[in-house]
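The structure appears right after this line, and notes come after that.
The values are calculated or read from the model by the stated rules, or taken from the named source; none is laboratory data. Nothing here was measured: the structure is a model prediction, and the numbers come from that model. Cβ sites come from the backbone with ideal geometry, for glycine too, and all protein chains shown count toward neighbours. Note: areas computed on protein heavy atoms with side chains; ligands, DNA, RNA excluded. Shrake-Rupley method; radii C 1.70, N 1.55, O 1.52, S 1.80 Å.
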Amino acid sequence: VYKYTSGSWDQHGSSIIGEYICNYLGHSVSLSTDGKRVAVGATPYHSSLLIGSVPSYAVVYEYNDEGDNWVQLGSKMIGASQITNSFTNGKPFNGWDQMGYSISLTADGSRLAVGAPYSSAESEIRGYRCGAVRIYDYDVTGDWVLMKEFIGHDPGGQFGFSISFSADGEILAI
């Protein structure tokens with residue numbers, strides 16, 4: 001994260017580093033209006049070597065003035081890494097939903113929308129890679145709570161490829 005001060009762009013806090021090889025942390029990012037919270041999506045490289053082992057996810061960090069660093073706020077929101085159902089003929093299939101491919105944080109940083117355009121969670125009903133968008137609220141327990149999940153209707157439609165919240169979090173464009 002960088003901050004513009006006195007005519008120059010300087011790093012703001014410590015670097016935010018991914019924890020897995022090839023997890024592409026930062027594929028998508030969104031800041032609260034005051035810049036104190038940043039939501040980050042991680043969409044791992046798809047490889048037969050990584051099937052089921054490196055999940056996609058979204059995570060929110062909050063800036064700590066005293067330590068000049070970014071601290072994880074609540075739990076990570078983890079995407080589906082593997083599904084097994086009749087659509088896959090009973091064999092495990094890397095769901096690779098790419099949760100975090102798109103991400104949008106409200107102005108105050110209390111509500112988050114996360115796109116998973118390759119989601120096939122309801123593949124038997126709606127089709128392969130129909131996509132999904134999940135809305136989370138940060139609650140008083142200090143964690144992100146899933147409030148709503150929207151599932152795409154078209155096979156291959158990749159619903160959730162791009163998303164954007166209004167500042168107050170009352171309107172979501174998908």
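Say we look at region 50-73 and pick out the residues that are open to solvent by 20 Å² or more (accessible area, probe 1.4 Å) and β-branched (Val, Ile, Thr); which of these is modelled with the lowest pLDDT? Full working, then the answer.
Filtering region 50-73 down to residues open to solvent by 20 Å² or more (accessible area, probe 1.4 Å) leaves 50-55, 61-72.
Then keep just the ones that are β-branched (Val, Ile, Thr); that gives 51, 54, 71.
Working: Ile51: 48, Val54: 65, Val71: 96.
The residue in question is Ile51.
In region 21-49, the qualifying residues are those that are hydroxyl-bearing (Ser, Thr, Tyr) and at pLDDT 80 or above, and the one that is most open to solvent (accessible area, probe 1.4 Å) is Thr33.
Select from region 135-151 the residues that are part of a loop (DSSP other than H, G, I, E, B) and touching a residue at least 40 places away in the same chain (Cβ under 8 Å) and write down the one among them that is farthest from Ser120 (Cα to Cα). Outline the logic, then answer.
Initially, region 135-151 is screened for residues part of a loop (DSSP other than H, G, I, E, B), giving 139-143.
Next, only the ones that are touching a residue at least 40 places away in the same chain (Cβ under 8 Å) stay: 142-143.
Values: Gly142: 30, Asp143: 26 Å.
Result: Gly142.
A count restricted to region 87-111 and to residues that are at pLDDT 95 or above and out of contact with any Ser or Thr (no Cβ under 7 Å at 6 or more places or on another chain) stands at 3. Within region 5-20, being modelled with pLDDT of 80 or more and not β-branched (Val, Ile, Thr) holds for Ser6, Gly7, Ser8, Trp9, Asp10, Gln11, His12, Gly13, Ser14, Ser15.
Among the residues in region 152-171, are any modelled with pLDDT of 95 or more, in a loop (DSSP other than H, G, I, E, B), open to solvent by 60 Å² or more (accessible area, probe 1.4 Å) and more than 29 Å from Ser14 (Cα to Cα)? Checked against the condition, which is being modelled with pLDDT of 95 or more, in a loop (DSSP other than H, G, I, E, B), open to solvent by 60 Å² or more (accessible area, probe 1.4 Å) and more than 29 Å from Ser14 (Cα to Cα), region 152-171 yields at least one hit.
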